[in-house]
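**Student:** Mind looking over this structure? Questions follow.
Each reported figure results from applying straightforward, stated rules to the coordinates on display, with no laboratory input. Here the structure is a predicted model, which is why all the values come from computation and not from measurement. Methodologically, a virtual Cβ is constructed for each residue, glycine included, from the backbone with ideal geometry; neighbour enumeration extends over all protein chains shown.
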Amino acid sequence: MAELTAVAVITVLAVISPGADFAMIVRNSCLYGRTAGLLAAAGIGLGVLVHVSYTVLGVGLLLSGTPAVLTAVRIAGACYLVWIGWQTFRSRVEVDTSGGPGEPPPPRGAALRTGFLTNALNPKTMLFVVSTYTQVVDAGTPFLRQAGYGLFMSLAHLVWFGLVAGVLSAPALRTRLLRGQVPLNRAIGAVLVALGISLALAPA
């Protein structure tokens, strides 16, 4: 019971803390609408399962003790965020929410992939999963229970970011936000670039 409570509390705190995943949901939901936001949320949840999978198999403990691997993941994630942020920052195409012709939303696969890569390459998510399994979950915990914890972590991300996507893509709020689309693009892009740079410069 104590183990379950610890996993739940740690997961909730990790999910709601602002980070690259939150910025990506803001980007997709505001600029491209609810479907893109929800698909990005699904991708974020799937990205968590990547870290859960190798951690449950015992690879997480090895990774946590290998600075070179952690550095490689951090740099890859930083480059990805900077690239996405720069593309968003320099975008001058306005989204038409009135039903007329405008910039088409990205393909569904692209929205899902964006969310997935954001968390699959996110060192914060990796450390959250690895530290939870190595410090809270006992080595003798049955495999099915460990898998259940992983599914809970993934679903918690999906539910939270799905709710955020739903709120930000509500027609009235989205229309209000998109009245200043170029400044919005710049703000979101700048946040993503800043997150990428801070990630790259973070101490190992």
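**Student:** Expressed in nm to one decimal, what extension gain is obtained for the pair PHE143 and LEU173 from 0.36 nm per residue of sequence separation less their Cα-Cα distance?
**Tutor:** 6.4 nm
**Student:** For the range 115-204, report the % of Cα-Cα distances exceeding 22 Å.
**Tutor:** 50
**Student:** May I pose another question? Less than 19 Å from a label point 7 Å out along the Cα-to-Cβ axis of ILE16: which backbone N atoms in the range 122-164 qualify, by residue?
**Tutor:** 125, 128-129, 152-164
**Student:** Roughly how far apart, in whole Å, are the Cα centres of the range 133-189 and the range 108-130?
**Tutor:** Between the Cα centre of the range 133-189 and that of the range 108-130, the gap is 10 Å.
**Student:** Provide the gained length on full extension for the span PHE152 to SER131, in nm with one decimal, where the gain is 0.36 nm per separating residue minus the Cα-Cα distance.
**Tutor:** 6.0 nm
**Student:** Please compute the net charge surrounding ALA200, taking Lys and Arg as +1 and Asp and Glu as -1 over other residues with Cβ under 14 Å from its Cβ.
**Tutor:** +2
**Student:** Report the full-extension gain for the segment ALA68 to ALA6: residue separation times 0.36 nm, less the Cα-Cα distance, to one decimal in nm.
**Tutor:** Roughly 19.4 nm would be gained on extension.
**Student:** Let me ask another. What distance in nm separates the simple spin-label points at THR35 and SER53, each placed 7 Å from Cα in the Cβ direction?
**Tutor:** Distance between the two pseudo-spin positions: 2.7 nm.
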